[in-house]
Amino acid sequence: MPKSVASYYSLNSSHGTYADGDRDDGDVDEPQAEAIRNAYRNALSSNTAPVSPIDTRAQGSSRTSDLDLRSRLPSRLFMGAGACADEQTGLLSPTDGVPGGYRTMPASAPGTPSRLALSRQQSYRVRNHSRRGSFGLRLARALGTDANQTEPTDLESSKPSLHLDDRVWYDQFTSTDWVHDSIADAFRVKELRSRKDFKGRAQALFDGAQGWIIVALIGMVTAGFAYFIDVTEAAIFDYKTGYCSTRWWYSKRRCCSGVEICDEWSRWSQLMHQEGDDKMWANFAAYILWVMALSALACLVTLQTKTSISSAISLSTLDENLGAERHQPAKSDSEGRRISLSPTRRFEEAAQRPPVIYYPAAGSGVAEVKVILSGFVLHGYLGVRTLICKTIGLILSVASGLSIGKEGPYVHISTCIGNIACRMFSKYSTNDGKRREVLSASAAAGVAVAFGAPIGGVLFSLEEVSYYFPPKTLFRTFFCCIVAALSLKALDPYGTHKIVLFEVRYLIDWKKFELIVFILLGLLGGATGALFIKASRFWATTFRKIKIIKTYPLIEVLLVAFITGIVSFWNRYTRLPVAELLFELSAPCDAFADTGTGLCPTEERIPEVIWYLCAALLVKAALTVITFGIKVPAGIYVPSMVIGGLMGRIVGHAVQLLTLRYPESGLFAGCPHDGNPESCVVPGVYALVAAGAVMCGVTRLSVTLAVILFELTGSLEHVLPFSLGVLIAKWTADFVEPLSIYDLLTDMNAYPFLDAKTRPVFTTDLGDITPRPQKARYIDISASPLVPATELRSKLEYSHMAGELDGGLPIIRDGILVGLIPAPDLEYALDRLKGEEGALCLMSPQDKWQGPGRGVPGNTDGATERDAANDEHQPLNGHSATDLTDFTPFIDPAPVALDICSPMDLVFECFVKLGLRYICVLREGRFAGLVHKKAFVRYVKDLQQE
């Protein structure tokens, strides 16, 4: 017996040894089960639904159905008064000389689009926009996003028309059906190119130009947002130390024309007329008050995006909270028996947990953007409200002086802009797969304006966030990044004709002996980045577990701001904004001073500067750890680079001191001795190498980071040191901490994300994870293709309680898989019905309703050639355009199926490369179960942990 078959039989037999929790709903008392279902139906019903793109789609119509299938059945099916047909009633024996109303069609129906045919094979749908009873709607209402949405509530007033594959809007927390969206776009393009007249060719040309128009617009708007954020936060940041007496809205740089000290810039102590020591303490108090006030305002703006979701959704958090509780049920009981809760019991336990609260505007949003681009649906996360709150909150949080950066949130902001821009054209607004191509370009534009690195932005999208990146998307992404970089350079936010503040140029080449130091910096940077992840997780799981801190995020923000103000005021390098500090750390020196703590000291001042930088390093590292994860918009890219820059500058000054004190050493024989401390060693190079190493240790970016560092410096000679430091840092960080900071968040939140870059070693077959079929998890049409709507609703709710909002129900006939209806489509079809009681729904993709008195018996063996010829002149589906009980347009007649003996590597490739949401499992050609993507992700995660 093959291994997978044996494992499947062992799986079936193991159900008998499950713990008490592993029982079907039949083991639950009927009143208890009914109470749970009622709680499920009524859950989340009092909130508001989010805005749906359904309203933006073309609407047309014909009247809805006046009759259901039962009213069109022949009289032979009504057996006496009060009797009605059910799913057991025979349909194929003709009575009264009137043939049956079904015609069995072969599975291989023609694939050419037809405006009259509504079969799933031809990708046409009848739309109606009422979703009154939808669980997805009730769930979305819990998010409380938009109260302005009004939907038609009367089926008679709606006018559905035929649209090319105009399917159901994806529900919240579901996965995109990549295959379906790809096929839908193919049919759209085929119909568009079928027109050969001038108008048709013009429409095809405009359709091809839409993608370029959108990405160009995204690049320009992203540059505009970056300019606004850079200019505004720079002006507000300097308010902590004083104000411009001539123009109060000017930053210190503009007020003093780039000079460090000028008469126009007034300190707060001058306003209060303080002198001596009182002057310093007045400035200190004003600094702390400004830090706390700006941080509190940033937090309050962020809290405006507060969103609550039901605890039945198996997510812990959707922002950067490393201390969120993970709900992982026990896998075995005290006796070692396997525990597998039924969906009803799982939903009952989930309902007892408090709801999950998250803030879309908090943190950087890179992890969530990465998951969204993989196909996970998060409504509102890329919306207008999130964009506005994120922008305003980012200005305030960066201006407060907290140890955060604005570069990471630029990715989230640019992706929001891309998502909003997709609403311009239906080609992208109604197709999630096409929309994600634009979002990939948008995320790259965020990195391009953040670091002034258009090529680095393209590589960032390719290496880090994008899940599906075809060559066409690559070129458009590059175009978007170029447009964004050129637009920001034209706007010139810093008045230096530079895109970013920390752009530097090196004129002195590195020496061979420095390779040893660059390798050492890679080791230190990778270890520091990995330890930063562990320290952040420790802080989140200890301090943030305190009840008052967990309940009131503003208190934590105020505490962190107070600590930041106290410890940052006394050190110049902790007071500076992170971008300006990184520039000073990496910039080469033109002149050298023998006084103060500047970064261009003479030989005698180098030890003092090293100790001063060590104090700044400890303070900055501690502040970054406690700041990461607070409820304000915050990035980790530049703060991690600042930590590395301080470390690298310390090492650079130490090496520089050795070359100055021991010039005759054989190791430094090739160094010139002309009295210039930087004639041999440039500490700024060490700072930038270590900055890239620490950032690599935190984010695990490799090629992208090396290219970004090259674009920041423009130095071909230093590509090798940058690349070597990043390479060593990644190896070291992977050894200390396998997951990056964003991989850790993705894993902790239990997102249905399969990372194609990290493939586990499988030793099992598909049968080892295939659950046995249960009647509540599939639709059996062996007796009749008509299924009561109430039974379908019950199966749908059972699937929802199992956590599979985007699952599917296989359709079985005599044990053979004949089709599958996706759960969102089934929900939409049931919600269209005016009443589910007594309604019978057609669920056979092979049987087509032809209307009373027409067609041939359900078995095609009895059809004559004359009947078939006559049927060619009739619509394939008869009046199903107005028949709400005909569910065949929603059925996939050819779902992806694998044999139970299939190796797990093949299953992994199907989920990753095809973007499937589920795979049907067959055993010797007969249905054996269904594996959902979320179940496979859980299996992969458990395998990786083991």
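Stretching THR602 away from LEU720 to a fully extended chain increases their span by 39.6 nm, per 0.36 nm per residue minus the current alpha-carbon distance. Take 400-412, 201-213 and order them by the average number of nearby Cβ atoms within 10 Å per residue, most first; the result is 400-412, 201-213. Relative to the 2.2 N^0.38 Å rule of thumb, the stretch 514-748 has a C-alpha radius of gyration ratio of 1.06. Applying 1/(1 + (r/R0)^6) with R0 = 56 Å to the Cβ-Cβ distance of GLU909 and CYS589 gives a FRET efficiency near 0.55. Label positions at VAL179 and THR246, each projected 7 Å from the Cα along the C-beta direction, are separated by 6.9 nm.
Summarising the label geometry, the points placed 7 Å from Cα in the beta-carbon direction at MET272 and ILE816 lie 8.7 nm from one another. For the cross-link pairs LYS279/LYS547; LYS306/LYS406; LYS427/LYS730; LYS427/LYS795; LYS472/LYS795, the ones whose C-alpha atoms lie over 30 Å apart are LYS279/LYS547; LYS427/LYS730; LYS427/LYS795; LYS472/LYS795. Net length available on complete extension from LYS547 to CYS614 is 20.6 nm, with 0.36 nm assigned per residue and the Cα-Cα distance removed. Which parts of the stretch 767-798 would a label at ASP942 reach, counting a residue when its backbone N lies under 16 Å from a point 7 Å out along Cα-to-Cβ? Within reach of a label on ASP942: 767-772.
Evaluated with a Cβ-only charge set (Lys, Arg +1; Asp, Glu -1), the stretch 514-748 carries a dipole of roughly 1360 debye about its Cα centre, given to the nearest 20. When only Cα pairs below 8 angstrom with a gap of at least 6 residues are kept, the stretch 514-748 shows a relative contact order of 33 percent. Taking the average, over residues, of other Cβ atoms within 10 Å as the packing measure, peptides 537-544, 928-935 rank 928-935, 537-544 from highest down. Listed by chain and number, the lysines whose alpha-carbon sits under 17 Å from that of LYS489, ignoring those within fewer than 8 places in the same chain, are LYS498. Rounded, prolate or oblate: which fits the stretch 730-801, taking a ≥ b ≥ c as square roots of the Cα gyration tensor eigenvalues, rounded meaning a/c under 1.5, else prolate when a/b beats b/c? Verdict is prolate for the stretch 730-801.
Quick note: the coordinates plus some simple rules give every number you see, no bench work behind them. Since the structure is predicted, the reported quantities are computational estimates derived from the model, not experimental observations. Every residue, glycine as well, gets a Cβ built from its backbone with ideal geometry; the counts of neighbours run over all protein chains shown.
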